[in-house]
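The values are calculated or read from the model by the stated rules, or taken from the named source; none is laboratory data. Nothing here was measured: the structure is a model prediction, and the numbers come from that model. Virtual Cβ from ideal backbone geometry, glycine too; neighbours counted across all protein chains shown.
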Amino acid sequence: MTGVQEVLHYTAHMRSRPRFLMLSALLASSTLLSFASAQVGGLRAATLAQPALSTFKASGTVLTDASGATVTLTPKGAYLASADLRLPTADVVQAGTLLNALTGQDFAQGLSDFLKRPDVQAKLPQGLTVTADAFDLKLQQQADKALTLNISLHQLTGFRVVPSSRILGDASAPIVVRMYSDLQCPYCQKAELEAVPKVLKNLKTQKDVRFEFHQFPLESIHPNARPAAEAAACVEKQGKFWAFKDALFRRADWQSMANPGVIFQGVAMGVGVKLQQYRDCIADRGGKQSVDEGVAEANRLGVNATPSVYVNGYRVANPYDPASYQALIDFVRAK
């Protein structure tokens, strides 16, 4: 994925103003264990079968071990909406082990390093919220020195409305798959060629889901991403966006060209646009505003990598695997 480094934000629950820290250490060593593994957002039954929970006894949705540590699961149908940990001795090792089990990622060492920071220790009695990868982690040290940790999926909100020309499916469908993409990004190309066709095929039978494409050219590292995005916006004015986008992703000859405009025009002609109308749009930079709006939205939301895909604001863990999309669609749909 094109993000140079992951960013963790933390803010105190009781705050006079937001504070943000770059805490790349927490994710620098984290690796995705398996999307199919038990985790918040996954199947609850798989969570209960986790080895890390084998010493816990269940009473309803509350799990307790001999030390008095508890894990309280909040269900969402057959899925796990969130989990609350309470560790009476603030055992960082146990906290890391349980965090790994409930997220499917290797956060243990990062959590230990994070909790040792003097500034973090000073805030713990008030409470901290950490956004780590696809999860929100709320940590607090209680008056009796117990450590509590809430784990839930991070959900973005405030998406802007995209035109129907960049929507596949029913524009009023309640479940929305939003892809933030850069036409020059090789990782986006991988997702487009390996996953998106299967995802779209699956969605044809799911009338409550729509798919949106959001322009997010990373101009600082992809010099042809902006002209490609503006060309796509000009083609979009003639209703040929999807065919143009697909055709560009199927080829790479334009990506290192000093002036790829001739390729864009050829592709546009190939998908059936009116040539003079397309040329006038390119000359007038008629696609600039649309692309600017996409970049502004991504920056406002804190999207920092392409491809970034969200299902109703929840980030798809693996944009190259169709099953990863469907897992979140099923989670959102569950009641």
Q) Restricting attention to the range 273-293, does a residue exist that is within 21 Å of the chain's Cα centre (by Cα), in contact (Cβ under 8 Å) with a residue 24 or more places away in the chain and within 24 Å of ALA243 (Cα to Cα)? A) yes
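For the range 62-93, name all the residues that are polar (S, T, N, Q) and modelled with pLDDT of 95 or more.
THR64, THR70, THR72, THR74, SER82
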Q: Determine whether ASN299 is outside the structural domain of LEU80 (by TED's automatic domain parsing), at pLDDT below 95 and surrounded by fewer than 18 Cβ atoms within 10 Å (Cβ to Cβ).
A: no
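Could you tell me whether the range 152-173 includes any residue that is more than 30 Å from PHE211 (Cβ to Cβ) and of a type in the set (Ser, Thr, Tyr)?
no
From the list ALA108, ALA69, exactly one residue is buried (at least 17 other Cβ atoms within 10 Å of the Cβ) and within 23 Å of the chain's Cα centre (by Cα). Which is it?
Testing whether each residue is buried (at least 17 other Cβ atoms within 10 Å of the Cβ) and within 23 Å of the chain's Cα centre (by Cα) leaves just ALA108.
Yes/no matrix, rows are residues, columns are (1) closer than 27 Å to ASN304 by Cα; (2) under 26 Å from the mean Cα position of the chain (by Cα); (3) buried (at least 17 other Cβ atoms within 10 Å of the Cβ):
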residue	(1), (2), (3)
PHE56	no, no, yes
VAL62	no, no, no
THR89	no, no, no
THR103	yes, yes, yes
LEU115	yes, yes, yes
VAL120	yes, yes, yes
GLN140	no, yes, yes
ALA143	no, no, no
Q) Within the range 243-258, which residues are over 21 Å from LEU218 (Cβ atoms) and in contact with a Phe, Trp or Tyr (Cβ under 8 Å, 6 or more places away or on another chain)? A) none
Q: Taking LEU218 as the residue in question, decide whether it is assigned by TED's automatic domain parsing to the domain that holds ALA252, in a loop (DSSP other than H, G, I, E, B) and in contact (Cβ under 8 Å) with a residue 12 or more places away in the chain.
A: yes
Q: Starting from the range 52-63, take each residue that is among the charged types (D, E, K, R) and list its partners that are part of a strand (DSSP E or B), counting only C-beta distances under 9 angstrom and pairs at least six apart or across chains.
A: LYS57/LEU63; LYS57/THR64
(Q) I need the full set of residues from the range 316-335 which are of a type in the set (D, E, K, R) and modelled with pLDDT of 95 or more, in order please. (A) ASP321, ASP330, ARG333
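Condition first: within 27 Å of ALA171 (Cβ to Cβ) and either more than 25 Å from the chain's Cα centre (by Cα) or of a type in the set (Phe, Trp, Tyr) (or both). Can you find one or more residues in the range 295-308 that meet it?
Scanning the range 295-308 turns up no residue that is within 27 Å of ALA171 (Cβ to Cβ) and either more than 25 Å from the chain's Cα centre (by Cα) or of a type in the set (Phe, Trp, Tyr) (or both).
If you take the residues of the range 158-187 that are under 14 Å from the mean Cα position of the chain (by Cα) and in the same structural domain as TRP242 (by TED's automatic domain parsing), which of them is surrounded by the most Cβ atoms within 10 Å (Cβ to Cβ)?
Across the range 158-187, the extreme among qualifying residues is SER181.
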Q.
For the range 265-324, which positions are hydroxyl-bearing (Ser, Thr, Tyr) and touching a helix residue (DSSP H, G or I) at 6+ places or on another chain (Cβ under 7 Å)?
A. TYR278, SER290, THR306, TYR314, TYR320
